[in-house]
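No lab work stands behind these numbers, since they all come straight from the coordinates. The structure displayed is predicted, hence computed values, not measured ones. Glycine gets a Cβ as well: all are built from the backbone with ideal geometry, and neighbour counts include every protein chain shown.
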Amino acid sequence: MKCIVWFRKDLRLTDNPALQEAVRLKAQIIPIFILENSGPWQPGGASRWWLHHSLHQLNSALNNSMHFYQGDPLPILLELIKQTQATAVVWNRRYGPEEIAVDTRIKTELEARGIGVKSFNSHLLFEPWEIQNNQGKFFQVFTPFWKKCLARARIEPPLPIPANMQLMSGATFDLKKLGLLPTKPDWASGLRQTWTPGEVGAQQKLANFISRIAGYKQNRNYPAQQATSLLSPHLAWGEISVRQLWHAIHTQIRLYPVLEQDALNFLSEIGWREFSYHLLYHVPTLPTHPLRQQFANFPWQQDENALRKWSQGQTGYPIIDAGMRELWHTGYMHNRVRMIVASFLVKDLLLSWQQGEAWFWDTLVDADLANNSASWQWVAGCGADAAPYFRVFNPVLQGEKFDPEGEYVKRWVPELDLLSADYIHKPWQASAIKLKGAGIELGVTYPFPMVDHEKARHRALEIYQELPRSTSS
Ligand SMILES: Cc1cc2nc3c(=O)[nH]c(=O)nc-3n(C[C@H](O)[C@H](O)[C@H](O)COP(=O)(O)OP(=O)(O)OC[C@H]3O[C@@H](n4cnc5c(N)ncnc54)[C@H](O)[C@@H]3O)c2cc1C
């Protein structure tokens, strides 16, 4: 028999239940990837770059047997089934609302034609519908959600690479035809310098992180340090599974009990990922509409100029400019800095969280619909378990606390390189002599702050205080 293995966000051979199923069936395997070009959340530029390289790696691991397609998956699958006489299609599940709708429709159509369809969980530790509160509803607060997950955690051990894969040869389509790479201009050099997409790169990242996990809990908030795992883009495309992380981390705890706090803290971040998927599944409008109703008519400003300064890292607040430039150059931004730049956009500039979400979607290599929308709503104060509205990050104090020597700022904002640490987060307060000595001319070599943070904070708080009080969602 022949079985189509439809790869989507599971671009790996290890711990891949759909692939295992095809092997279990002793089928000739037809591995495929379809670049779907309908629906509102097409991969952004940075994700497309990643996807190209990840598919290239996966195809090599599968002896160049992958078939690549572009378009509506149903007619593509039907035509392939006709050509190959395949009798089964298997895939691992995905959780975006449009993705669920596509998969449901395809399952129904294929089964109606007598094709066997089977889907699996490979992306999450827990299916979003498995975890419920005592009222049988979904959770809107992280801590009890994660407690419930941990109480029932018996995570299956990850599956090995299947032995004896019978891959059907004869794929001819050139990956380049999907047009995933930027050409004119080729803006991806920073991404190439920073990342190694693919399953091998993901496993190396995990091994490297495990060797330096001591101190994660303490150091993960300091953007100049390499304290976090940098696994997010690998997780986004499923080049490594959360089950693999879970077991690798627990093995480490057994070997070195002293690492327990750091390791559990890391797993709770994986818990935030699970929580974001839980929310997206139960609230399919999460990427577009505020979870809290009272934010529905928030008076967001329209200001293209302000949005441009923010996205180009020209706000005049060094920590923000460093973050936005790190993002542009590498397709990544440290989590602490993501929170600071997001707070600045929605609270200091009063630009909508959806605009920030869209920019991140296009520029992040780890762009992930669940994590991105849940995180933006969290910062804006309109999401589940959201940061309280009065929490407005002060970009100077945040910089001084989490980048005390200005190391991170200097890495990404080299025009401030010679400024001393006491002014690195507030260059406009440095004396004319200091600025001159550091080769800085404000308004020329580096911008003045685009807004006065204190005034902007008061303006935001006034608006937030006028919102209807109801907290119902
Ligand atoms: C405004 C904003 C937007 C974000 N957009 C995304 C996004 O599109 N994709 C994305 O993967 N993460 C997003 N995050 C969450 C977080 O910033 C990144 O997951 C993290 O910085 C990735 O780095 P890491 O892999 O080194 O993290 P680690 O600290 O090593 O964490 C391990 C993994 O846990 C998960 N994780 C960590 N923090 C969070 C979080 N707050 N919410 C959900 N999952 C988390 C990620 O999968 C991450 O790879 C966003 C955060 C904010 C504030």
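Does the stretch 293-465 classify as rounded, prolate or oblate by the C-alpha gyration tensor (a ≥ b ≥ c root eigenvalues; a/c under 1.5 gives rounded; else a/b over b/c gives prolate, otherwise oblate)?
prolate
Pulled fully out, how much extra length does the chain show between residue 82 and residue 172, if you take 0.36 nm times their separation in residues and subtract their Cα-Cα distance? Mind dumping the intermediate values first?
Details: separation 90, 0.36 × 90 = 32.40 nm, distance 1.76 nm.
Between residue 82 and residue 172, full extension yields 30.6 nm more.
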Legend entry - P(r), alpha carbons of the stretch 2-123 - 10 Å bins starting at zero, rounded %: 12, 48, 36, 4
Inset, instruction - Determine which residues of the stretch 367-393 fall in the zone a paramagnetic label at residue 70 would reach in this model, i.e. backbone nitrogen under 17 Å from the point 7 Å along Cα→Cβ. - result: none
Legend entry - Value of relative contact order over the stretch 344-473, rounded to a whole percent, pairs C-alpha under 8 Å and six or more apart: 22
Inset, instruction - Any chance you could list P(r) for the chain, counting all Cα-Cα pairs in 20 angstrom bins from zero, rounded to whole %? - result: 22, 54, 22, 2
Legend entry - Förster-model FRET efficiency, 41 Å R0, residue 421 and residue 187, C-beta, rounded to 0.05: 0.80
Inset, instruction - Read phi for every residue in the stretch 30-36 and hand back ³J(HN,Hα) as whole Hz from Karplus 6.51 cos²θ - 1.76 cosθ + 1.60, θ = phi - 60°, with x for Gly and Pro. - result: 10, x, 9, 9, 10, 7, 7
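So what is the calculated 222 nm ellipticity per residue for the chain, using -39500 (n - 2.57) for each DSSP H run with n of 4 or more, over all residues, to the nearest 500 deg cm²/dmol?
On the way: 20 runs with 214 residues, N = 473.
Using -39500 (n - 2.57) per qualifying helix, the result is -13500 deg cm²/dmol.
Taking loop as defined by DSSP and a crowding limit of 16 other beta carbons within 10 Å, which trypsin sites (Lys or Arg not before Pro) in the stretch 79-113 fit?
Numbers: sites: 82, 93, 94, 105, 107, 113; in loops: 93, 94, 113.
Of the trypsin sites (Lys or Arg not before Pro), the ones in loops of the stretch 79-113 whose Cβ has at most 16 other Cβ atoms within 10 Å are 113.
Using unit Cβ charges (K, R positive; D, E negative) and no other charged atoms, how large, in debye to the nearest 20, is the dipole of the chain about its Cα centre? List each step's numbers first, then the result.
Values: 48 positive and 44 negative charges, 155 e Å.
Its charge dipole is roughly 740 debye.
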Legend entry - Extended-chain gain in nm, criterion 0.36 nm per residue less alpha-carbon gap, residue 28 and residue 120: 31.2 nm
Inset, instruction - Compute the length gained on full extension between residue 250 and residue 107: take 0.36 nm times their separation in residues and subtract their Cα-Cα distance, giving the result in nm to one decimal. - result: 47.9 nm
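Which is the longest part of the chain that has none of the GluC sites (Glu not before Pro) sitting in a DSSP loop with at most 15 other Cβ atoms within 10 Å? Intermediate results must be reported in sequence, preceding the final value.
Working: sites that count: 130, 405, 441, 466.
With a cap of 15 other Cβ atoms within 10 Å, the longest stretch comes to 131-404.
Relative contact order, percent, of the chain when contacts are C-alpha pairs under 8 Å separated by at least 6 residues?
Values: 718 pairs, mean separation 83.4, N = 473.
Dividing the mean separation by the residue count of the chain yields 18 percent.
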Legend entry - Set of lysines near residue 184 by C-alpha distance (under 24 Å), chain-local residues within fewer than 8 positions excluded: 176, 309
Inset, instruction - For the stretch 365-441, take the alpha-carbon Rg, divide it by the Kirkwood Rh, and send me Rg/Rh. - result: 1.14
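Roughly how big is the stretch 293-465's charge dipole about its Cα centre, with Cβ charges of +1 (Lys, Arg) and -1 (Asp, Glu), in debye to the nearest 20? Before the final figure, lay out the partial values.
Values: 16 positive and 21 negative charges, 63 e Å.
It works out to roughly 300 debye.
Using the alpha carbon gyration tensor of the stretch 78-176, what are the three equivalent-ellipsoid semi-axes (square root of 5 times each eigenvalue), largest first, in whole Å?
Taking √(5λ) for each eigenvalue gives 35, 19, 13 Å, largest first.
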Inset, instruction - Compute the acute angle (0 to 90°) between the alpha-carbon long axis of helix 73-84 and the principal axis of greatest extent of the alpha-carbon atoms of the chain; round to the nearest 10°. - result: 30
Inset, instruction - With label points built 7 Å along Cα→Cβ from the Cα atoms of residue 458 and residue 431, find their separation and express it in nm. - result: 3.0
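Find, among the trypsin sites (Lys or Arg not before Pro) in the stretch 117-176, those assigned to loop by DSSP (not H, G, I, E, B) with at most 13 other beta-carbon atoms within 10 angstrom.
Details: sites: 118, 137, 147, 148, 152, 154, 176; in loops: 137, 152, 154.
Counting only loop positions with at most 13 other Cβ atoms within 10 Å, the trypsin sites (Lys or Arg not before Pro) in the stretch 117-176 are 137, 152, 154.
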